Structure formats: C-alpha cells, structure tokens
Amino acid sequence: MKLNVRDLSFSFEDKTILDSLSFSVKEGEFVSLLGPSGCGKSTILKLLTGVLTPDRGEIAVDGNAIHGISDHFAYMPQNDLLFPWKTILDNVCLYGQVHGSVKEMRRKALEYFPAFGLKGYESSYPSALSGGMRQRAAFLRTTLCHADILLLDEPFGALDVITRGEMQDWLLHMRQQLGRTVLLVTHDMDEAIYLSDRILILNPYPAGITSQLTIPDTDRNRDWLYRQGELRSEIYRNIMGGNHHA
C-alpha cells in the first residue's frame with residue numbers, strides 16, 4: 001500500500017520537532033529516513049504508529065486518512081523486546097495471542113522459521129540465541145502482524161559491526177521474498193545505500209527533507225556497496241549542508 005505524509009508538524013515542550021514534513025512511499029518500496037542522531041527520525045515513526053499525535057498534517061494509506069493506531073503499520077524498535085520467559089515461537093506469535101488468532105499464526109510462523117534462520121529454535125528461550133538471531137525473531141514477530149507497511153527503527157543499531165553486516169545481508173535477501181512496503185530509520189549511510197530503493201535525507205530540528213536519492217536498481221552485494229563512494233559523498237554533502245543551514 002502507498003503511504004502519504006503531508007504537512008506533518010509536531011512539537012514537544014515548546015520545541016518544534018517537525019514542521020510541515022511531507023513525503024511518500026510507493027507500494028512495495030523500501031525507503032530510508034537518514035539523518036543525524038536526534039533529528040526527529042524516530043518521532044516520525046511514532047507519529048505513523050499513532051503513539052504520538054501530530055499537531056497538524058495528514059497521514060494517509062492508499063488515500064485514506066489515518067488517525068491514531070492503525071493495523072496498516074507494524075513497528076520494530078532497535079531492541080528486540082523478546083520476553084525472556086516465553087519460547088521463541090510464543091514470542092513471535094504475541095500478536096496472535098492479543099487478537100485471538102494463535103493457531104493460524106503459529107502455523108504460519110513455523111513455515112517462516114527456516115527462512116528467518118530460526119529452524120530448530122522454536123522451543124528455545126531468548127537467552128539461548130545470539131543477538132542477530134534475536135533480531136530475526138523480532139523481525140518475524142513484526143512480519144506476522146499482517147500489516148501492509150513495516151516501520152523499522154534502527155533495528156540493527158545495537159548489534160556489533162560484524163553481526164550488523166550479516167543482518168543487513170539477511171534483510172536484503174528477505175525483503176525480496178516478503179514484498180512489503182518498508183520505511184527504515186537509520187543514521188548509517190552504508191545501511192541506507194545497501195538496503196534502500198530511495199533515501200530521504202533529514203536536517204535537524206525542525207526536521208525537514210533536504211534531498212532524496214534514488215539508489216540504482218542493480219544486484220547488490222558487499223563489493224557493490226564498497227564501490228559507492230560517490231553516493232556516500234553526496235549524502236554527506238547533503239547532511240552537512242542541512243546542518244550548516246540549521
């Protein structure tokens with residue numbers, strides 16, 4: 001489904017965080033919101049999920065305005081938030097437990113376990129899993145929410161650099177299978193370049209989109225990423241230009 005954000009504004013304690021922010025994400029597109037820490041990226045996701053209420057502006061999915069919490073969005077935070085006393089299977093099926101569809105969700109989850117690299121860990125507890133595996137479990141839980149649009153809030157930010165690279169490779173492979181619309185928040189230029197169809201670059205408070213970049217549609221791997229010096233330079237110039245302007 002297509003996401004449209006128009007003239008979104010939000011303030012907190014007399015500080016303007018967003019001011020007339022507008023952007024769109026096409027159906028099936030992977031878009032990253034890239035900017036320095038503290039520029040309001042996570043606030044945007046919280047407004048989309050309905051956790052926060054905008055001062056003004058409109059959020060619409062397929063032309064229909066969204067107010068408050070909506071089933072159109074599934075949100076994945078930086079930390080996996082797995083319950084340590086529940087098995088991995090029970091953790092990923094939490095949405096079904098809340099909405100009364102546990103049996104069907106468990107069936108679907110078990111089908112996905114091999115693709116998510118979790119086969120054999122259905123009855124294990126989170127303490128038995130590595131950081132990367134826990135994040136894959138959290139991503140599976142998000143995917144099972146049946147939402148049309150996935151909101152990923154720096155999902156690999158807490159991982160070490162090697163595991164983060166492995167998870168980026170995994171997500172790049174999985175996004176082609178899932179076919180979902182994805183909005184990723186990150187401050188990692190390489191992560192945005194590697195995973196995205198398009199990158200929206202944000203300046204600091206009040207957050208606004210200074211520029212956008214379309215990533216070439218090509219087969220991607222680590223070698224391809226390391227050759228993208230020109231894209232990195234362009235992103236850096238735009239971010240620093242936005243900081244200077246602010």
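Protein heavy-atom accessible surface, 1.4 Å probe, per residue over the range 120-199: 35 Å². Suppose R0 equals 30 Å. What FRET efficiency, 1/(1 + (r/R0)^6) with r the Cβ-Cβ distance, do E29 and W85 give to the nearest 0.05? Calculated value: 0.20.
Against the chain, whose longest principal axis comes from its Cα atoms, helix 102-112 is set at around 80 degrees. Stretching V51 away from Q176 to a fully extended chain increases their span by 42.1 nm, per 0.36 nm per residue minus the current alpha-carbon distance. Sequence-distant contacts, meaning Cα pairs under 8 Å at least 6 residues apart, place the relative contact order of the range 137-218 at 25 percent. Across the range 155-172, computed HN-Hα scalar couplings (Karplus, 6.51 cos²θ - 1.76 cosθ + 1.60, θ = phi - 60°) run x, 10, x, 8, 8, 5, 4, 5, 5, 4, x, 5, 5, 5, 4, 5, 5, 4 Hz from first to last residue, x flagging Gly and Pro.
Just to confirm the number: angle between the C-alpha axis of helix 229-245 and the first principal axis of the chain, 0 to 90 degrees, nearest 10? Result, in degrees: 60. Net charge within 15 Å of E234 by Cβ-Cβ distance, Lys/Arg positive one each and Asp/Glu negative one each, not counting E234 itself? Counting the neighbours of E234, the net charge comes to +2. Determine the distance separating the Cα centre of the range 20-98 from the Cα centre of the range 110-156; give it in Å without decimals. Between the Cα centres of the range 20-98 and the range 110-156 lies a distance of 17 Å. The share of accessible area on the chain that comes from carbon and sulfur is 49 percent, using a 1.4 angstrom probe.
Across the range 1-61, the volume of the C-alpha convex hull divided among the residues equals 81 Å³ per residue. Between G28, G40, G68, the GNM of the chain built on Cα springs shorter than 10 angstrom shows G68 fluctuating the most.
Across the chain, the relative contact order, built from alpha-carbon pairs under 8 Å that are at least six residues apart, equals 27 percent. Taking the helices alone, the chain has a mean residue ellipticity at 222 nm of -11000 deg cm²/dmol, built from -39,500 (n - 2.57) per DSSP H run of at least 4 residues and averaged over all its residues.
Just to be sure I understand, if you calculate semi-axes √(5λ) of the Cα gyration tensor in Å for this structure, which of [x] 30, 22, 16; [y] 32, 21, 18; [z] 23, 20, 19 do you get? Read-out taken from this structure: [x]. Largest mean-square fluctuation among V51, V61, V31, in a Gaussian network model of the chain whose springs join Cα atoms under 10 Å apart, belongs to V51. Modelled spin labels at V161 and M240, positioned 7 Å past Cα toward Cβ, are 2.1 nm from each other. Phi angles of the range 199-208 translate, via the Karplus equation with coefficients 6.51, -1.76, 1.60 and θ = phi - 60°, into HN-Hα couplings of 10, 9, 9, 9, 9, x, 3, x, 4, x Hz per residue; Gly and Pro are given as x. Placing a label point 7 Å from the Cα of R220 along the Cα-to-Cβ direction, the residues of the range 2-34 whose backbone N falls under 16 Å of that point are 26, 28-34.
The values are calculated or read from the model by the stated rules, or taken from the named source; none is laboratory data. All values derive from a computational prediction rather than experimental measurement. Here the Cβ is made from the backbone with ideal geometry for all residues, glycine too, and neighbour counts use every protein chain on show. When the accessible area is computed, the model is the full protein with side chains, heavy atoms only, and any ligands, DNA or RNA have been set aside. Shrake-Rupley method; radii C 1.70, N 1.55, O 1.52, S 1.80 Å.
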